[in-house]
């Protein structure tokens, strides 16, 4: 095993002092001076309607209102993968809360008063609030112009219906597969919508100066993608990428919710019509719940065939997604799961239909896990049940069918190296799976739940990362990259990678938040790909800098580059122990020669990474032939759950989660992902969910009734386990883990409830109420 | 969040000043104590008072007194004052437990018992305790003071017997003359801060008198007197508890809302009754435990 | 507009406020203290926590005008010239990820350790239950507070 100096070490986070002292600057913390204006959005009060008239006259009369805007001012479309939405609603609103108009005023108070004076006249249309209804014959069509929407080539919309995209994956012979099976089990699972609940709401400020330059400060995971989408949307106004600058300060939590573009387009667009001003828009917590991306709702129909010995022969997995009113981002969630709904299993005969369906609910989009949590709730519940049905131990069943390196994925490519079996073994051991757990309290029972998980980054095949690195006089380094540290510790890990290559301590490397004018391109901080992709770019930039250093030393001192290496901020030589040239002596100023002239100059490294083997051009009817996913990260989890039989109250006594990080660049940060991600996952299954009334109005747009876990709600014990089966193309073998940590939570709880009480709950969330009432019914029968 | 509503602010230093402001502005004024409800209501346009009278600096509210026999808590008393009061905890465990179950430290440091009682929400955690202890609410107006029994206090959701020209001075409780103990059980959606799906206060005396009061399962918190009547004078047995539980369906009439279904509320009311009775009996006999664990945490 | 005089991080400040302005907005927009954050604006999340006369409160639920004559401490005031033992422990244990909830969490933990220098785990959980953190899963926060409490002499 290679002995690394900084890689694999739990280095203290480089952003700690800033964040813990209160110094860290978030978007809302920036002062803009006297010419700052505030926007307030007028939102749709109906889920589906024609806009007959918007009367802004009363608002315009209010002193302090600078201007009122409606959709007429911005007839421009935008979207990441499919351009299906407008900056403001045009003739139609498609969800409760959709932006209809904006009042821009001198103070937030006046803006709010102004917005209350805007009168919108609607003619209501039937609202479709359920994806199965939207699929039915004769359903109201949300997007009659679907056929005209530009989209990426790997989407397959069905114009004339509410199907925005249908990912079909076919492999082997399904009929034969089921014919070979000794036992077939079919069931339906349901998952509601969820909200990210980053503690910082969305906020953005647009400023269009008199020279025609647009700067947007935003709380975002995607500075470059935002710049590109702003440029595309605002191109009719003559703006190009070079005219737009996106600055992204610290982000107060993302979880996918701040990927792509949602409300940020509003202040960006408004600013273009208010030259010289800065225009600020900050979502309230209620708006955050109502009008940003949400996790998509799911109805999944599963049919699994197995032999007596436990071998899986066939899987038919139909997943119907409630993708909301606009699917410009959410359709890719559907796509990703449509390629991966076999889970981490070797299944020869497969049919997957992943159907993206428009509904009159807020737009679905990226949420930590990108659809895999929803898919795994059904699949891993199903696996536990079918193992029990054939009388096989569920762990053994999973071991037997676990996907191994070289096995074929659903789309036919070979599975990457992975430590799935090791994860199963380590979790089983850590949780003492075979131990009899029994409560001493007669009101309580204890159950055990297990789940595997996997997930691949969902990205366009050409998603790329790049990095600049510049040395300062004292051999400290500015590492200039455009990924976002949304809390996962990205900046620290990138500093570790550069440190390892260059022999400079990470504490001497400064990584700042990005500015698209100064920092090189990064696709976005999503998909758990950033450690892998940006890490590769940073490593290349550091190697580029190192090569420049070694070439210079070779040129000046006539030493072979092969004999030179970097350590302790100096160039050293394998063949000449006394040689020690401190980096600080030359990385900016160059090396002095005998005649007083200098060689070299500032050392600046550059690196870029794009996965050139990736391709999304699989067959539309089978998904065979491409290589859409770069790799999968796998793992396993188990927990011990105590349940009060009468109240249904549940407590996780112990949970273990193992994840194959390839190489843990900073083990403590991975453990932090496990502790945090697992709790987020447990919350989705135990108490969170978005509840809508029959008019499409969210009933719980606040933390009073959308319950996210508090310090009182943590498991008694979490055992984080790191597996390291290297990813061949990852930096030092690393692959991403950020999203995965929450994936096993829901099926583990469902499985533990069945284990303890003998009841199988197939709809999330599995609240205390649901458990208590189901068990009451079960007992009465 | 910006307020679209503006108001005039007064900060009287004495009760007389406060009452005279209240008379002056009649129905236009709202009293501000901890503000943890009022600030939200004003922000969300649920309240638009032209005048806000901050009573936090009123210095002449009668002083609070706590003894095992009687208790008086004045209008300045915050929930943290109650939670941090060791003697109160010992003598009135049900009230203490209810106070501790309200929100979290940062709210309890500010929110007052008086403000809370005046909010009269159906899920009012301290209501079962006040109902079980037969509390008296003391109010003052410019024409004098009056006492209102807690049993007459709650009129309907968010409406009390306190008139717009009155200011609450405090609440008083006289403890039962014989040995007694109490408990407050609260069912929330999780262990952390939550509004009650259902709450139950149980008081028991050594001469086998029982007092029961529910919150969050009806428009106003209420005493379950019919169930008390079945229990009074009898030693707790499994049969007795069963007959008490059987009465829940006819005594409690909850609704379905975002926090719970009606069916679950009814079910929980039964579970609470059984466990509450058993626990409070143990407590009367000297057992020590955390009531938050009684319903499974 | 009304004048309010208060002490902010040991400095006397006088400002003009409208009665409807919250302490949170005034701290951030008129007094230059950016550490209290807006997360929910209705007292649910704790990101706006500050100390008034040593007690943690939700600055989003307080009108600035109520604070006449009071002592307000924000995280800036705790940081001062040197981070506290508690803050150093937060750095050591990665007791934050995005960092947005950290100012409020540290305010609550500071209040706890002042009134109860050696809390047990349950007391820590109780004290922090009004500060929502979506990133860490809370365990690293508990670890830091326990460590800081050990470093505070018995």
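Miscellaneous remarks
- Gyration tensor (alpha-carbon) shape descriptor, the stretch A:336-377, a/c threshold 1.5: oblate
- Shape class for the stretch C:82-140: oblate, because the ratio a/c of the largest to smallest gyration tensor axis (alpha-carbon atoms, square roots of eigenvalues) is 1.5 or more and b/c is at least a/b.
- Taking the convex hull of Cα positions in the stretch A:48-175, its mean projected area over all directions (nm²): 10.7 nm²
- Mean projected area (nm²) of the alpha-carbon convex hull when the stretch B:135-199 is viewed from all directions: 6.5 nm²
- For the stretch C:1-104, the relative contact order comes to 32 percent (Cα pairs under 8 Å, sequence separation of at least 6).
- Compactness relative to 2.2 N^0.38 Å, alpha carbon Rg of the stretch A:29-118: 1.16
- Over chain C, dividing the summed -39,500 (n - 2.57) contributions of all DSSP H runs of at least 4 residues by the number of residues returns a 222 nm mean residue ellipticity of -10000 deg cm²/dmol.
- Using bins of 5 Å that start at zero, the share of Cα-Cα pairs per bin across the stretch A:704-747 amounts to 5, 13, 16, 23, 16, 10, 9, 7, 3, 0, in whole %.
- Residues listed by number, the stretch A:451-492, amide nitrogen under 19 Å from residue A:604 label point at 7 Å toward C-beta: A:466-483
- Each listed q (0.07, 0.10, 0.11 Å⁻¹) maps to a log10 I(q)/I(0) for chain A, found by the Debye formula over equal Cα scatterers with no solvent: -0.53, -1.05, -1.23.
- The value given for the stretch C:2-78 is a Kirkwood hydrodynamic radius of 12.0 Å, derived from the mean inverse Cα-Cα separation.
- Each of A:697, A:167 has some number of other Cβ atoms within 10 Å of its Cβ, and from fewest to most they run A:697, A:167.
- Gaussian network model of chain B, Cα within-10 Å springs - most flexible of B:63, B:199, B:182: B:63
- Over the stretch C:82-151, Cα pairs under 8 Å with separation of 6+ residues give a relative contact order of 52 percent.
- For chain B, the spread of Cα positions along each principal axis, largest first, Å: 60, 40, 30
- Arranged from fewest to most other beta-carbon atoms within 10 Å of their beta carbon, C:13, B:223 become C:13, B:223.
- Peptide packing for A:404-413, A:321-330 was compared via the average number of neighbouring C-beta atoms within 10 Å per residue; ordered from the highest value, the list is A:321-330, A:404-413.
- Taking only the C-alpha atoms of the stretch A:82-150, the Rg (one decimal) and the largest Cα-Cα distance, Dmax (whole number), read 15.9, 50 Å.
- Tail beyond 21 Å, pair distance distribution of the stretch A:464-609 (Cα, percent): 42 percent
- Packing, taken as the mean count of other beta carbons within 10 Å per residue, orders the peptides A:307-314, B:112-119 from highest to lowest as B:112-119, A:307-314.
- Counting every pair of alpha carbons in the stretch A:467-520, the share spaced more than 17 Å apart comes to 30 percent.
- Across the stretch B:65-174, counting alpha-carbon atoms alone, Rg and Dmax equal 13.1, 38 Å.
- Partner chain coverage, peptide C:52-61 - average Cβ within 10 angstrom: 6
- Distance between modelled label sites at residue C:120 and residue B:57, nm, 7 Å Cα→Cβ extension: 4.3 nm
- Highest to lowest packing among A:141-148, A:533-540, scored as the average C-beta count within 10 Å: A:533-540, A:141-148
- Put simply, the Cα atoms of the stretch B:1-95 extend 46, 32, 18 Å along their principal axes, the longest span coming first.
- FRET efficiency estimate (nearest 0.05) - Cβ-Cβ, residue A:346 to residue A:213, R0 56 angstrom: 0.55
- The relative contact order of the stretch A:680-774 comes to 39 percent, based on Cα pairs under 8 Å that sit 6 or more residues apart.
- The stretch between residue A:389 and residue A:441 holds 15.7 nm of extra length on full extension. This uses 0.36 nm per residue minus the Cα-Cα distance.
- Helix B:15-25 axis versus longest C-alpha principal axis of chain B: approximately 70°, rounded to the nearest ten.
- Tilt relative to chain C, helix C:139-151 - C-alpha long axis, 0 to 90 degrees, to 10: 90 degrees
- Here the residues A:52, C:51, A:117, ranked from fewest to most Cβ neighbours within 10 Å of their Cβ, fall in the order A:52, A:117, C:51.
- Residue B:151 paired with residue A:512, simple spin-label distance in nm, labels 7 Å along Cα-to-beta-carbon: 7.2 nm
- Using equal-weight Cα scatterers in the Debye expression, the normalised intensity of the stretch B:8-54 in log10 at q = 0.13, 0.30, 0.32 Å⁻¹ is -0.27, -1.13, -1.21.
- Helical contribution to [θ] at 222 nm, DSSP H n ≥ 4, -39,500 (n - 2.57), averaged over chain A, rounded to 500: -7500 deg cm²/dmol
- Whole-Å distance, taken between Cα centres, linking the stretch A:547-562 and the stretch A:246-271: 45 Å
- Convex hull projection area averaged over all views, chain C, Cα basis, nm²: 8.6 nm²
- Among the residues of A:767-774, the average count of other protein chain beta-carbon atoms within 10 Å of the residue beta-carbon is 5.
- Across peptide A:263-272, the average count of Cβ atoms from other chains found within 10 Å of a residue's Cβ is 0.
- Most mobile listed residue (B:222, B:154, B:61) in chain B, GNM with C-alpha springs under 10 Å: B:61
- For chain B, calculated [θ]222 nm from helices alone, where every DSSP H run of n ≥ 4 adds -39500 (n - 2.57): -9000 deg cm²/dmol
- 37 °C / 0.692 mPa s Stokes-Einstein diffusion coefficient of the stretch B:180-285, Kirkwood radius on C-alpha pairs, µm²/s: 238 µm²/s
- Taken along the Cα-to-beta-carbon direction at a fixed 7 Å, the label points for residue A:717 and residue A:2 span 3.6 nm.
Read the figures in this text as sums done on the coordinates, not as results from a lab. Values in this document were obtained by computation on a predicted structure and should not be read as measured data. Virtual Cβ from ideal backbone geometry, glycine too; neighbours counted across all protein chains shown.
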